[in-house]
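Here's the structure we're looking at; comments come further down.
The values are calculated or read from the model by the stated rules, or taken from the named source; none is laboratory data. Note that the coordinates shown come from a computational prediction; the quantities given were computed from them, not determined experimentally. Methodologically, a virtual Cβ is constructed for each residue, glycine included, from the backbone with ideal geometry; neighbour enumeration extends over all protein chains shown. The accessibility values were calculated without ligands, DNA or RNA, using every heavy atom of the protein model including side chains. Shrake-Rupley method; radii C 1.70, N 1.55, O 1.52, S 1.80 Å.
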Amino acid sequence: MKTLSVVLPVYNEEEMLKNVLKQIKKVNVLEIIVVANGCTDASVKIAKEEGCTVKVIEKRMSPHEARMEGAKTAKGDAVLFVDGDIILSASELERFVQPLLFGHSDVVLNKWGKMKTNAFNRSELMWSTVLHHALGKPHHTNAYLKAPYGVQLSVLKNYWELPPLSLFVTFLTQYRVSMSMSIETQGKGSFRPFDRPLRTKERIQSYQKLLQTYYTLASNRKRRVNMLAQPIPVVEHGWGKLSSFYGGKQLSIIIPVCNEEQTIKQVIAEARKLEPLEIIVVINGSTDQSEAYAKEQGVKTLVYDERLGHDCGRAAGALAAAGDILLFIDGDFVLSAQELYPFASAVASGVDVALNVCEDEAKLTHVVQGWKYVLNETVGRKDLLTSSMTAVPHAISRECLQKIGLQSLVIPPFAQVKAIIEDFRVQAVHHVDVNKFNRFRYSEHIPLKSHSPTAELIIHDHIFAFLSYLQRD
């Protein structure tokens, strides 16, 4: 059986430290190393009285750095990292370290139990989801390298200087990892807001390095962006009206269509109730009666005989639009004018990008939702949750579109990031459950591997936007 060192960073934990140490001492440990991380209270004195090895750090480090400093002096075969502000029972600790002490694993991680959904945990779940996806690993809800966790010292010695996320990825991809036991730490411990900015920056930088090796340009292969440089193929000019709904501003509604003969008439009928200056139907490689039906309804019709690819139809429609407000909807499901109006109205009132509110908390760990959330958090807009320009309905102002460039609409998350960078007002304004209405297409929505082709395209788009944001000048 292997020997165990316990590393315990503390920051002014004198009120809890005795009780924390009391439980650890009940476990058969070789030593307890207390790292006094910028302490100004009696924590050092208490640790010495309890017979611990004490390492004093004058200038406060991040929790991860403090743990590594403590581990550098460890003499045991394995190291268990715990926190000074969370009391864990001796029985929990003993069971937790068994895989390490009996040589069954190189690393033990804490498996999170059923988590209450709050802002912090949502963030952790989303980042964990996208990390596992990028690594091609099944998603286990584990707490990265948050205490408690344990490592064989022979493994850890090779990676003292790695930041926590890089260290976690190394463990997950190269070593035997056990994460079968759950120790409840949620809601316990001290709240230290001054730690958060450092952790967030460190995490985002680590993901940037990881995703640069993962991302490919495969997402753009099916998009015929070059077609946007060709003359607009207007077959029908259509008719509209000057609206009284939007304070003197005029509305263009853009509807990409591919074989939507069953729904296109109703979609146009509802759109017309919004008093648009124009409705632009983009026939995107249709082979049915969609084109004929659109022309019958008196809308501006752009006809592309070959499919442009995802989102290119929106960009083509925007290129032909004349309105001050551009509202994007799809031709494969019917939304009432009442559901569409809030998006156009928001832009008329000063919002530049009006998004569909995503409220599907049940799918927090779905990888597509994960990438949407991670991108919004990275650009400083955690309030948007998983709302994205990938989803319809959404609307954009003419001023914003001119600034971010029409071609950016081909990759909707990239357009959203550009709008945020340029300080335009991006806001989730109204919830429409499009999943309930969206047409199922076998070629796009059936998973071929872990995800459908459409899901993979959306993921790649968000990674592209993520990297573009981090690599900007």
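Summary of computed values
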read-out	value
Whether region 230-279 is rounded, prolate or oblate, judged on the alpha carbon gyration tensor where a/c under 1.5 counts as rounded	oblate
From phi via Karplus (6.51, -1.76, 1.60), per-residue ³J(HN,Hα) for region 27-34 in Hz, x at Gly/Pro	8, 6, 10, 6, 6, 10, 9, 9
Listed residues R272, R472 arranged by accessible area, highest first, probe 1.4 Å	R472, R272
Region 313-435 shape via C-alpha gyration tensor axes, a/c threshold 1.5	oblate
Packing-based ranking, highest mean first, of 281-287, 174-180 given that Cβ atoms within 10 Å are counted	281-287, 174-180
Accessible area per residue in Å² at 1.4 Å probe, computed on region 332-438	38
Ordering of 374-380, 324-330 by burial proxy (mean other Cβ atoms within 10 Å per residue, highest first)	324-330, 374-380
Proximal charge balance of L277 [Cβ under 13 Å; K/R count +1, D/E count -1]	+2
Nearby aspartates and glutamates by direct alpha-carbon distance to K72 (threshold 12 angstrom, same-chain neighbours under 8 apart not counted)	E161
